[in-house]
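Scroll down for the structure; my scribbles are underneath it.
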Amino acid sequence: MQGNASINPTNQMPTKPIRDGFHAITPYLFAQGASRLIEFISAAFGGEVTFRKARPDGAIMHAEMRVGDSMLMLADATPPLPCFYPHSEWAA
């Protein structure tokens with residue numbers, strides 16, 4: 001087996017653990033106001049939305065953006081998947 005391919009035990013076909021166009025680590029951001037975050041990333045870094053799926057209430061369930069040669073994923077925060085803010089005690 002070469003490269004990133006591995007064996008899928010269900011059908012024994014090679015699978016790739018890292019999708020084409022992605023790197024080993026891809027950030028996933030949960031934000032309050034993900035649409036505004038998309039607008040900011042587009043304006044500030046030239047990001048392009050490659051996938052966007054909305055929930056019935058219009059909030060972003062999942063979006064993917066390309067910035068340069070890197071990808072990032074994002075969604076609107078929800079109670080089960082809230083925003084996390086840096087805390088000064090984390091740096092200690």
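The values are calculated or read from the model by the stated rules, or taken from the named source; none is laboratory data. This structure is a prediction, so every number in the text was calculated from the model and none was measured. A quick note on method: Cβ atoms are made from the backbone with ideal geometry, for glycine too, and the neighbour counts reach across all protein chains shown.
For P27, which of the numbered conditions (1) under 10 Å from L74 (Cβ atoms); (2) over 12 Å from the mean Cα position of the chain (by Cα) fails to hold?
Status for P27: all satisfied but (2).
Take residues that are farther than 20 Å from Y85 by Cα and either modelled with pLDDT of 95 or more or in contact with a helix residue (DSSP H, G or I) (Cβ under 8 Å, 6 or more places away or on another chain) (or both) and tell me which of the strands (runs of 3 or more DSSP E) falling wholly in segment 1-75 contain 1 or more.
Here the list reads 48-54, 60-67.
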